[in-house]
1. Which is on the phi > 0 side of the Ramachandran plot, in the same structural domain as residue 88 (by TED's automatic domain parsing), in a loop (DSSP other than H, G, I, E, B) and in contact with a strand residue (DSSP E or B) (Cβ under 8 Å, 6 or more places away or on another chain), of 106, 141?
2. If a residue has to be over 25 Å from residue 364 (Cβ atoms) and among the hydrophobic types (A, V, I, L, M, F, W, C) to count, how many in segment 313-345 make the cut?
3. So which pairs qualify, if the first residue must be in segment 102-127 and closer than 18 Å to residue 14 by Cα, the second must be acidic (Asp, Glu) and surrounded by 14 or more Cβ atoms within 10 Å (Cβ to Cβ), the Cβ gap must be under 7 Å, and the two must be at least 6 apart or on different chains?
4. Filter segment 153-193 for residues that are of a type in the set (Asp, Glu) and at pLDDT below 95; which is farthest from the chain's Cα centre (by Cα)?
5. Could you tell me whether segment 287-305 includes any residue that is in contact with a Phe, Trp or Tyr (Cβ under 8 Å, 6 or more places away or on another chain) and of a type outside the set (Asp, Glu)?
6. Consider segment 199-225. How many of its residues are crowded, with 20+ Cβ neighbours inside 10 Å and either polar (S, T, N, Q) or over 14 Å from the mean Cα position of the chain (by Cα) (or both)?
7. On the given criteria, is residue 36 over 24 Å from residue 374 (Cα atoms), surrounded by 16 or more Cβ atoms within 10 Å (Cβ to Cβ), at pLDDT 95 or above and among the small types (Gly, Ala, Ser)?
8. Condition check: touching a Pro at 6+ places or on another chain (Cβ under 8 Å), at pLDDT 95 or above, assigned by TED's automatic domain parsing to the domain that holds residue 239 and on the phi < 0 side of the Ramachandran plot. Does residue 290 satisfy that?
Amino acid sequence: MTPTDYRGIFRRMRSQGMLLAMMKDSEINGVLKKIARNIIACESKIISANKKDISKALSAGKTNAFIDRLKLDKKRIRSMAAQVIEVSRLPSPLGKVLSARKRPNGLKIRKVSVPLGTLLIIYESRPNVTSDCAALCLKSGNAVILRGGSDAVKSNEAIYSAIRPALPSKIKDTVFFVKDTSRETVNGILKLNGLIDAVIPRGGEGLIKAVVKNSRIPVIYHGKGVCNLYVHKDADMGMAVAIALNAKVSRPGVCNAIENLLVDKAVSEKFLPMIHSAYAANQVEMRGCIETRKILAGIKAASQSDWDTEYLAKIISIKVVSGISQACEFINTHGSRHSEAIITSSLKAAKVFFDFVDAACLYHNASTRFTDGGEFGMGAEIGISNQKLHPRGPVGLEELTSYKYIVSGTGQIRK
């Protein structure tokens, strides 16, 4: 397709997006339920397409974590359909009166939630993002341009082929899949700031930097996840081991897995051998600071760059800290402002941690793996935003809205 072709499609999307925004919530819910049924009905087709993508990825020598993000099976496809249904059951984020006031001159001013408009979502190897983003955007009244990565193109096309037939003719073009995965095409689309209201890149650091560099469209980005877990001196040791294990091992290739484990010096001699046994049993490679290696002599030394690395693998860097102040300082220096956790029985320590650590999601006695739109009751998510302007944390329905001011008068003029 040429830039002119895309311009025509995107103009049509904006026009149909206005119709989508005016549809009743019950109508949109019906569309979402049909999408979910179509995904189940196309299960075999989607799995067949996914196998081709996986075969290509294996031939290219992709990592196990990458293959895990790419892989679809019956369970994951059923989960995709279930998330679409979950989104349909959520209340509409549109038309909410966010605030209202009456001025002394009698003007009534209401702040009301509305869709962002037309969104461009660029993502990499997770094909489930196709259905998640389509569902969230439809429910929030936004038209959406989906551009997946070349590694998952067959899977994404198969999922999109299940979505499009469910759309009524009047909004048929509000979900559009860009088959061309070339950088030239993407960079051209990123210049269409008059037709697209926001771009959301979901993927690795390289993708995000490229989008930010080349886009004329406002960017809501999902940054890397260098997440940290701090074991405070008043932590329950059994709880700390269980959470540290879950936060690293349950799915190491995702952005809400921890990459750094901070251990209070006061409990380091007791805790470190415990977590070493748990990690070793789960084939986790450990890298430690000087103090850590005095206790765990057999592990590798952590380099300065390790503290800033998103491994997305069974590797963890461990540092002994003098107390909560050093832990907070370390996290604010090396973390990516994604998800950070403290394990402690002290509510005072937890409050200090919450007050001083700067991140989208903070946890007390719980795994960072809960940073997820579904786990937060949002049904699904577009991504996890590390930003502070507009959305922060899981980007769900409410984060995909803006607002307008509705001003009602009785003939007032400004003097």
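The values are calculated or read from the model by the stated rules, or taken from the named source; none is laboratory data. Fair warning: this is a prediction, and the values are worked out from it, not measured in the lab. Glycine also receives a Cβ, built like all others from the backbone with ideal geometry; neighbour counts cover every protein chain displayed.
1. Numbers: 106 fails: in contact with a strand residue (DSSP E or B) (Cβ under 8 Å, 6 or more places away or on another chain).
The match here is 141.
2. Count: 2.
3. 116/197; 117/197; 118/197; 119/197
4. The first filter runs over segment 153-193 and keeps only residues of a type in the set (Asp, Glu), leaving 157, 173, 180, 184.
Still in the list and also at pLDDT below 95: 180, 184.
Details: 180: 23, 184: 25 Å.
Top of the filtered list is 184.
5. Narrowing segment 287-305 to residues in contact with a Phe, Trp or Tyr (Cβ under 8 Å, 6 or more places away or on another chain): none.
Looking through segment 287-305, none of the residues is in contact with a Phe, Trp or Tyr (Cβ under 8 Å, 6 or more places away or on another chain) and of a type outside the set (Asp, Glu).
6. 3
7. Values: over 24 Å from residue 374 (Cα atoms): no; surrounded by 16 or more Cβ atoms within 10 Å (Cβ to Cβ): yes; at pLDDT 95 or above: yes; among the small types (Gly, Ala, Ser): yes.
For residue 36, the condition - over 24 Å from residue 374 (Cα atoms), surrounded by 16 or more Cβ atoms within 10 Å (Cβ to Cβ), at pLDDT 95 or above and among the small types (Gly, Ala, Ser) - is not met.
8. Numbers: touching a Pro at 6+ places or on another chain (Cβ under 8 Å): no; at pLDDT 95 or above: yes; assigned by TED's automatic domain parsing to the domain that holds residue 239: yes; on the phi < 0 side of the Ramachandran plot: yes.
Considered against the rule, which asks whether it is touching a Pro at 6+ places or on another chain (Cβ under 8 Å), at pLDDT 95 or above, assigned by TED's automatic domain parsing to the domain that holds residue 239 and on the phi < 0 side of the Ramachandran plot, residue 290 comes out as no.
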